[in-house]
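Below you'll find the structure, written out as structure tokens, and then a few comments.
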Amino acid sequence: MSESAFSRRELLKRLGFAGVAAIAMPDLSRVLLFQRDVLAQSPPAPTLTAAELATLTAMCARLIPTDDNGPGATEARASQYIDRALGGWLATSRDAYTAGLAAIDAAARTRSGRRFIELPARDQDAILLALEATPFFALVRTHTIQGTFSDPAYGGNANFVGWDLVGYPGVRLNVTAADQRMASPPRPIRRSAYDYAMFSAMGATHAH
């Protein structure tokens, strides 16, 4: 694995599992509005332009990169999660993304005369390091974590790759005696919370 400043190993070390869960979980009111605001979009309309989405996808790929240990933000489709959310519960961040992604491409052109997506990983990292203290970097980092680790129903964490990365076995409505003994890792449950009737009903009730 390359010594990227944004390696997922370092990310998880800094956050810990509890930190990942806290950042990845939208607040309760947004969860309860899920069915109305998200499931109703079929398919969801794109929010970012094609060029913006390409830049964002490349940025997410450097924040939580794919490495020898497995998939990262690219495979989790974190940028697609962000694109979808910018048309809904993250709509207030749309202007910040327009300006921030343009600034990243401008920095890349100043550095090398090429777009951010055309640069090798080390040059992309250098640009992101220069922007690490900016509000936009923090915004994208938080949303990339959400798109990688949150419930896949929101449009990210494709194929549960984020949950596998942190060892989260999935939503459980009951815990067996064997689970409590923790003699072996729990069997992963590949289900969204919204596959359970009780959570779907909560969303539908709140939406009305």
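The values are calculated or read from the model by the stated rules, or taken from the named source; none is laboratory data. The model shown is predicted, which means the values in this text are computed figures rather than measured ones. Neighbour counts run over all protein chains shown; Cβ positions are idealised from the backbone, glycine included.
All of (1) over 28 Å from T74 (Cα atoms); (2) in contact with a helix residue (DSSP H, G or I) (Cβ under 6 Å, 6 or more places away or on another chain) hold for Q180 with one exception: (2). Among the residues making up the range 149-171, a single one is β-branched (V, I, T), part of a helix (DSSP H, G or I) and touching a Phe, Trp or Tyr at 6+ places or on another chain (Cβ under 8 Å): V166. Considered as a group, the residues in the range 83-126 that are of a type in the set (A, V, I, L, M) and part of a loop (DSSP other than H, G, I, E, B) include one that is farthest from the chain's Cα centre (by Cα), and that residue is L119.
Can you find a residue in the range 52-65 that is surrounded by fewer than 22 Cβ atoms within 10 Å (Cβ to Cβ), farther than 27 Å from A126 by Cβ, out of contact with any Pro (no Cβ under 9 Å at 6 or more places or on another chain) and among the aliphatic types (A, V, I, L, M)? No - not one qualifying residue is present in the range 52-65. Scoring A45 on the criteria (1) closer than 21 Å to N159 by Cα; (2) among the aliphatic types (A, V, I, L, M); (3) modelled with pLDDT under 90 leaves a single failure, condition (1).
Each row is one residue, and each column tells you yes or no for (1) aliphatic (A, V, I, L, M); (2) surrounded by fewer than 19 Cβ atoms within 10 Å (Cβ to Cβ); (3) in contact (Cβ under 8 Å) with a residue 40 or more places away in the chain.
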position	(1), (2), (3)
L131	yes, yes, no
L139	yes, yes, yes
G167	no, yes, yes
V171	yes, yes, no
Q180	no, yes, no
P186	no, yes, no
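Take the residues of the range 49-68 that are assigned to a loop (DSSP other than H, G, I, E, B) and of a type outside the set (V, I, T): which is modelled with the highest pLDDT? This residue is P65. Only a single criterion out of (1) closer than 17 Å to N157 by Cα; (2) out of contact with any Gly (no Cβ under 7 Å at 6 or more places or on another chain) is not satisfied by Q124, namely (1).
The set of residues in the range 149-164 that are in contact (Cβ under 8 Å) with a residue 40 or more places away in the chain, more than 13 Å from T74 (Cα to Cα) and hydrophobic (A, V, I, L, M, F, W, C) contains only A153.
A quick yes/no check of all residues on (1) surrounded by fewer than 19 Cβ atoms within 10 Å (Cβ to Cβ); (2) in contact with a helix residue (DSSP H, G or I) (Cβ under 8 Å, 6 or more places away or on another chain); (3) under 17 Å from P135 (Cα atoms); (4) without any contact (Cβ under 8 Å) to a residue 40 or more places away in the chain:
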{"position": "A73", "(1), (2), (3), (4)": "no, yes, no, no"}
{"position": "A76", "(1), (2), (3), (4)": "no, yes, no, no"}
{"position": "Q80", "(1), (2), (3), (4)": "no, yes, no, no"}
{"position": "R84", "(1), (2), (3), (4)": "no, yes, no, no"}
{"position": "W89", "(1), (2), (3), (4)": "no, yes, no, no"}
{"position": "T92", "(1), (2), (3), (4)": "yes, no, yes, yes"}
{"position": "A96", "(1), (2), (3), (4)": "yes, yes, yes, no"}
{"position": "I104", "(1), (2), (3), (4)": "no, yes, yes, no"}
{"position": "S112", "(1), (2), (3), (4)": "yes, yes, no, yes"}
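All conditions but one from (1) farther than 23 Å from I82 by Cβ; (2) modelled with pLDDT of 95 or more; (3) of a type in the set (K, R) apply to R191; the one that does not is (2).
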